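Working notes for the structure below.
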Amino acid sequence: MTPGTARGADDLRDAFTRFFVERGHTAVPSASLIPHDPTVLFTIAGMVPFKPFFLGDEVPPWPRATSVQKCFRTVDIDVVGTTLRHCTFFEMLGNFSFGDYFKAGAIPYAWEFVTEVLGIDGDRLWVTVHESDDEAEGLWRDGVGLPPERVQRMGEDNFWKMGDTGPCGPSSELFFDRGPDHGAGGGPARGGAERFVEIWNLVFMQYNRDAEGATEPLPRPSIDTGAGLERILPVLQGVASLYDTDLYRPLLETAQSITGQTYGRDERRDVGLRILADHARAMAMLVADGVLPANEGRGYVLRRIIRRAVRRARQLGVEAPCTTRLVDTAVDLLGAAYPALAEQHRLVADVVAREEEGFLRTLATGSTILEDQLASGDVTVPGEVAFRLHDTYGFPVELTVEIAEEAGRTVDLAGFEAAMDRQRTQAREAARAGRAPAGEETYRSVLDTEGTTVFVGQRPDGYAAPARVVAVLTDLEPDRAGQVEVFLDRTPFYAEGGGQMGDTGTIVTETGTALVYDTVSALPGLTSHRAAVTGELFPGQDALATIDGPRRDALRRNHTGTHLLHAALRAVLGDQVRQQGSLVAPDRLRFDFSHHGAVAPEELAEVAALANADVLTDAEVTVEETSRAEAEAMGALAFFGDKYGERVRVVRAGPHSVELCGGSHVAALGMVGPVSIVSESSIGSNTRRIEGVTGTVAVERMAGREALLAEAAALLRTEPEQVGEAIERLLERQRAAEKALDQARGRERRAEAEQLAAAADRGAVVARRDGRTPDELRELAQAVRQAAGLRAVVLGGTPDGTKASVVAVVDRSVPDALDAGELVKHIAPLLDGGGGGSPEVAVAGGRDPGGIDRALDEARRRVGGA
């Protein structure tokens with residue numbers, strides 16, 4: 001499996017458990033979210049149920065275990081929804097060793113599962129170790145083979161402790177590099193937090209800390225692994241967010257259905273939708289585990305979760321109760337993995353619904369305040385009261401007027417407007433002084449005062465324009481400290497929309513320069529230039545706004561190319577094809593569309609041919625503003641994600657493409673250059689995705705493929721046109737050679753097996769065979785074991801002089817049968833390693849070839865053979 005394959009949460013749980021069970025771990029079911037540990041409110045990590053074993057308070061019933069543990073934390077609750085990776089309820093994949101294997105076992109297990117079972121590209125993995133942990137660094141570097149520059153040492157972030165006293169030790173974390181689009185490089189120690197995402201954490205519990213802070217080595221060092229299922233899934237499914245995975249997407253769809261909002265159109269609303277999706281899972285799992293709403297303890301936490309969800313739903317326009325539908329979807333998603341949740345579905349829904357109803361009554365407090373005012377006998381509701389209801393409780397002034405009129409009263413609207421004006425004036429003055437916080441209230445003040453931003457960058461040569469600075473806002477989110485939002489009266493910068501990324505460039509005044517790294521719509525009609533400033537910019541200054549021209553040209557090519565591909569897809573696959581999303585970046589394009597199945601290679605080729613045929617016409621790309629009705633009469637297609645008013649912009653790109661679009665495009669189709677489809681894949685039910693390139697990137701891609709083809713032809717000593725035939729001939733010869741080699745090896749193995757079997761002593765064979773891999777040793781041992789009358793075969797050796805292996809194969813059907821797993825467990829320490837397996841077949845490995853003969857002698861003693 002490779003990253004991007006749509007592998008689901010159920011598959012990941014099963015693969016993880018199976019991997020470690022096959023390596024001698026006992027699968028332990030998830031414990032409750034209500035822990036037995038009185039020091040924590042909830043089960044906050046996979047190790048919590050095993051804490052008594054780590055503390056030495058209880059003897060573990062197994063030397064090694066694995067679990068998929070449901071967990072709940074609220075430490076990050078205020079950022080849940082504002083990021084794409086934080087959540088309250090989550091599942092922790094864990095493998096645990098209670099004094100059995102240690103670093104030399106845990107690190108290879110982690111690497112093997114992540115790279116070989118999950119298929120994650122090892123070149124995109126980074127590791128951190130504690131600054132004092134030479135052993136772990138050496139195992140990652142020399143054992144696994146990770147380049148030294150991708151193993152970084154860190155301080156306290158890589159040292160775990162259970163508390164002020166008790167077991168503790170260094171940790172080692174495995175990070176996935178999402179790529180430069182997600183932040184700065186430099187690895188997890190120095191790079192962007194959204195770029196390097198932790199997916200695996202190994203805790204090496206090797207010390208005990210006393211009350212004075214001194215540490216002593218533990219007699220039986222242990223392993224605690226925590227791998228977040230919600231962190232790994234986005235990597236496997238090739239999505240940027242846990243909310244785009246199969247665990248969350250149905251919840252987002254339910255939240256959209258409830259609220260009438262569309263995810264991906266407005267970040268503020270997206271935050272609310274994400275909170276609804278996250279909290280739905282949390283409230284369902286908490287109630288299923290026995291937590292009920294209350295005013296303290298766990299019940300208070302649950303109450304807070306439910307009320308946060310209800311409040312967000314209200315902010316998104318929902319008046320009716322809605323949590324039951326969210327819980328239903330959560331149960332559908334998690335019920336198979338956690339059957340108790342499905343069994344208590346109705347109870348969970350009832351508990352949550354009752355709490356929601358009670359909170360909705362609490363929200364009626366605003367109405368109570370108004371009613372108290374009306375009961376005072378005053379003929380007129382003061383403007384300050386109407387303003388307070390509006391500003392504090394979100395009461396629309398129209399509703400205040402309606403309720404007052406029903407009671408025969410009036411509202412001091414002049415006083416209300418005066419209070420609103422004072423608020424606007426304060427925000428406006430702060431904005432002009434450059435001290436205003438960025439936010440919707442300030443944005444509206446700028447829009448009310450200065451009007452809409454005039455976009456002057458539609459023309460193909462619209463790279464620069466004189467402008468006037470109307471506002472400079474500070475106090476962006478914490479990760480953008482020192483940066484600002486600049487607002488102009490007119491701008492050549494295109495604000496991100498319709499899938500097209502925002503422009504970058506510079507805004508220069510006589511006192512400073514703003515390096516614009518992104519352009520967005522703060523509000524409809526108001527363009528925000530997000531920038532880092534050298535010097536100072538002030539409202540009222542004249543400025544020269546200049547976009548990055550080559551980047552805009554690349555965006556134009558890819559945007560027009562997207563239109564051409566849309567038209568070609570409809571021509572080849574049918575008119576049922578509709579755009580479901582897009583990304584127009586400088587270096588690539590992405591187009592999501594509705595279709596019932598995979599697009600065949602020949603269909604993709606026809607799509608590309610049609611798009612390129614349109615490019616070759618070099619037809620003019622025309623832009624026309626018209627009414628919505630006239631555009632629809634022209635057959636113009638609406639571009640996904642855009643909002644349209646009565647006046648719309650129609651882009652005609654060649655003979656086949658007519659769409660509503662507000663983005664930037666080339667002047668003529670020949671400027672697009674070649675259109676190359678890079679990939680086609682599924683991103684959901686009846687939704688496909690095409691990724692492609694145009695222009696110089698497409699030319700570079702074709703040149704690279706031609707060079708690769710020429711290199712292959714040279715190696716095969718043929719012409720490029722005959723590479724396929726030459727490879728087929730080579731493969732045929734390889735298959736024949738492999739078959740002959742397998743037959744020869746089989747004959748050799750059978751002969752050697754017969755020789756070893758003939759030398760059996762009391763039904764057992766114990767022998768050394770060097771130069772064989774562990775798999776080859778196992779195959780030979782199994783061949784020997786097939787001889788009649790043999791009850792046990794133990795073979796040992798070194799494949800290369802640096803490592804040691806021992807394989808045991810036993811007949812479990814005989815009286816007093818040996819246990820292969822127990823046998824290798826006893827002799828593995830003689831190899832400076834570990835081992836395990838089934839009672840029939842088991843393998844031990846270690847780093848000391850000098851211990852092989854001692855291990856085999858011990859095996860002879862235990863099996864009673866020569």
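The values are calculated or read from the model by the stated rules, or taken from the named source; none is laboratory data. As the structure is a prediction and not an experimental result, all values here were calculated from the model. Heads up, the Cβs are rebuilt from the backbone with ideal geometry, glycines too, and the neighbour counts pull from every protein chain shown. The protein model used for the area step is the full one, side chains on, heavy atoms only, and it has no ligands, DNA or RNA in it. Shrake-Rupley method; radii C 1.70, N 1.55, O 1.52, S 1.80 Å.
What is the stretch 777-824's relative contact order, in percent, from Cα pairs under 8 angstrom and six or more apart in sequence?
It comes to 32 percent, rounded to a whole number.
When the accessible area of the stretch 26-177 is computed with all protein chains present and a 1.4 Å probe, what percentage of it is carbon and sulfur?
51
Could you check the simple spin-label distance between V21 and D123, using points 7 Å along Cα→Cβ, in nm with one decimal?
3.6
Report the gain in length on full extension from T165 to E212: 0.36 nm times residue separation, minus Cα-Cα distance, nm rounded to one decimal.
Extending this stretch completely gives an extra 16.1 nm.
Calculate what fraction, in whole %, of the accessible area of the stretch 478-567 sits on carbon and sulfur atoms when a 1.4 Å probe is rolled over the protein chains.
The C+S portion of the solvent-accessible surface of the stretch 478-567 is 53 percent.
Once you sort the root eigenvalues of the Cα gyration tensor of the stretch 662-724 as a ≥ b ≥ c, which label holds: rounded (a/c under 1.5), prolate (a/b larger than b/c) or oblate (the other case)?
It comes out oblate by the Cα gyration axes.
Using Cα atoms only, what is the angle between the long axis of helix 723-758 and the major principal axis of the chain, expressed in degrees (0 to 90) to the nearest 10?
The angle comes out near 40 degrees.
How much length, in nm to one decimal, is gained on full extension between D76 and D448, taken as 0.36 nm per residue of separation minus their Cα-Cα distance?
Net length gain for the segment: 130.3 nm.
How much area per residue is accessible in the chain when the probe is 1.4 Å and only protein heavy atoms are counted (Å²)?
Result: 46 Å² of accessible area for each residue.
For the stretch 81-157, calculate the relative contact order in percent as a whole number, restricting contacts to Cα pairs under 8 Å that are 6 or more residues apart.
RCO, the stretch 81-157: 28 percent.
Measure out, as a whole number of angstrom, how far apart the alpha-carbon centroids of the stretch 1-63 and the stretch 300-326 sit.
Value for the Cα centre distance between the two parts: 31 Å.
Under the definition of Cα pairs under 8 Å and six or more residues apart, what whole-number percent is the relative contact order of the chain?
The normalised contact order for the chain reaches 6 percent.
So what does log10 I(q)/I(0) come out to for the stretch 714-866 at q = 0.09, 0.16, 0.17, 0.18 Å⁻¹, using the Debye formula with one equal point on every Cα and no solvent?
Computed log10 I(q)/I(0) values: -0.37, -0.79, -0.87, -0.95.
Give me the one-decimal nm value for the distance between modelled label points at R747 and A375, 7 Å along each residue's Cα-to-Cβ direction.
10.4
List every residue whose amide H lies under 5 Å from the amide H of A27, counting only residues 5 or more places away in sequence or on a different chain, with H placed 1.01 Å from N in the peptide plane.
Correct list: T66.
Return the whole-Å distance between the Cα centroid of the stretch 530-608 and the Cα centroid of the stretch 783-847.
About 59 Å separates the Cα centre of the stretch 530-608 from the one of the stretch 783-847.
Could you tell me whether the stretch 1-139 comes out rounded, prolate or oblate from its Cα gyration tensor? Rule is a ≥ b ≥ c as square roots of the eigenvalues, rounded for a/c under 1.5, then prolate if a/b exceeds b/c, otherwise oblate.
rounded
Note the listed values [x] 80, 37, 31; [y] 43, 38, 23; [z] 58, 39, 25, then indicate which one is semi-axes √(5λ) of the Cα gyration tensor in Å calculated from this particular structure.
[z]
For the stretch 332-343, what does the Karplus curve 6.51 cos²θ - 1.76 cosθ + 1.60, with θ = phi - 60°, yield as ³J(HN,Hα) per residue in whole Hz, taken in order and with x for Gly and Pro?
Running phi through 6.51 cos²θ - 1.76 cosθ + 1.60 with θ = phi - 60° gives 4, 7, 10, x, 5, 6, 10, x, 4, 5, 5, 5 Hz.
Describe numerically, in nm with one decimal, the distance between label points set 7 Å from Cα along Cα→Cβ at R861 and at R325.
Between R861 and R325, the simple spin-label model gives 7.2 nm.
Classify the stretch 83-161 as rounded, prolate or oblate from the Cα gyration tensor: take a ≥ b ≥ c as the square roots of its eigenvalues, call it rounded if a/c is under 1.5, otherwise prolate when a/b beats b/c and oblate if not.
rounded
Given a Förster distance of 56 angstrom, what is the FRET efficiency for Q722 paired with Q755, based on the Cβ-Cβ distance and rounded to 0.05?
0.70
Per residue of the chain, what 222 nm ellipticity follows from adding -39500 (n - 2.57) for every DSSP H run with n ≥ 4, rounded to the nearest 500?
Per the formula, -12500 deg cm²/dmol.
May I ask you to compute the full-extension gain from S681 to A633, defined as 0.36 nm times their residue separation minus their alpha-carbon distance, rounded to one decimal in nm?
Roughly 14.0 nm would be gained on extension.
Taking amide H positions as placed 1.01 Å from N in the peptide plane, with prolines and chain starts having none, which residues 5 or more places from I199, or on another chain, fall under 5 Å of its amide H?
So I199 has HN proximity to L174, F175, F176.
Do any of K103/K803; K70/K825; K51/K825; K70/K103; K51/K161 go past 22 Å between their Cα atoms, and which?
K70/K825; K51/K825; K70/K103
For helix 345-363, report the angle its Cα long axis makes with the longest principal axis of the Cα atoms of the chain; keep it between 0 and 90° and round to the nearest 10°.
It is inclined by approximately 30 degrees.
Quick one: helix 297-315 against the long Cα principal axis of the chain, what's the angle to the nearest 10°, folded into 0 to 90?
40
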